[in-house]
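The values are calculated or read from the model by the stated rules, or taken from the named source; none is laboratory data. Predicted model only: the values in this text are computed from it and were never measured. Every residue, glycine among them, receives a Cβ derived from its backbone with ideal geometry; neighbour counts consider all protein chains shown. Just the protein is used for accessible areas: all its heavy atoms, side chains included, with ligands, DNA and RNA removed. Shrake-Rupley method; radii C 1.70, N 1.55, O 1.52, S 1.80 Å.
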Amino acid sequence: MGSGWLTNILVVVGLSMLDCDGSLLPGVAPDDYPAGSGLEILAHKLTSDGTKIPFDYYALPFCHHDAKHPRTRINLGQLLMGERMRPTGYVVTMLGDTPCEVLCASTFSKDAISKLKRLVRKEYRVRLSLDNLPVVEKRGTSSHI
């Protein structure tokens, strides 16, 4: 038996794939948003490259969206990776201009300020996402450019 049979099989498989329709995985279906609809910005856990201890977004004294902090639906991959998306209170409008606005006004205790300073020194950051896409992404420091 020569290598001709393998070539024939590959040609048949390749040709059969030309007429295939794409399929969607559960939990990753595309969403359509009409103009003017509100899109909520979600926050993931706070992480640092310097330490492997994550924090929940609302474990820190950020502006609280509401009293219950409802959790959004997550897919199996996000669950296994420990992703916990939480609403932030920031809302943008599809195909609309959103002016700057104050989310809340807070005063912090000395302990809360110390905790925030400690986390900043340890380079903790939060990943914000909009429709499962990053809103802001760290690209490195000026020393890496």
Selection count where residues are part of a loop (DSSP other than H, G, I, E, B) and acidic (Asp, Glu), scope region 98-120: 1
How do the pairs read when you match residues in region 34-60 that are free of Cβ contacts under 8 Å to residues at least 12 places away in the same chain and more than 15 Å from Pro87 (Cβ to Cβ) with residues anywhere that are exposed (fewer than 15 other Cβ atoms within 10 Å of the Cβ) and polar (S, T, N, Q), using Cβ under 6 Å and keeping only pairs 6 or more apart or on different chains? none
When the residues of region 77-97 are filtered to those that are of a type in the set (A, V, I, L, M, F, W, C), at pLDDT below 75 and not in a loop (DSSP other than H, G, I, E, B), which remaining residue is most open to solvent (accessible area, probe 1.4 Å)? Leu80
Per the filter on region 79-108, residues among the polar types (S, T, N, Q) and without any contact (Cβ under 8 Å) to a residue 24 or more places away in the chain are Thr98, Thr107
From the list Cys104, Cys100, exactly one residue is touching a strand residue (DSSP E or B) at 6+ places or on another chain (Cβ under 8 Å), loosely packed, with under 11 Cβ neighbours inside 10 Å and not aliphatic (A, V, I, L, M). Which is it? Cys104
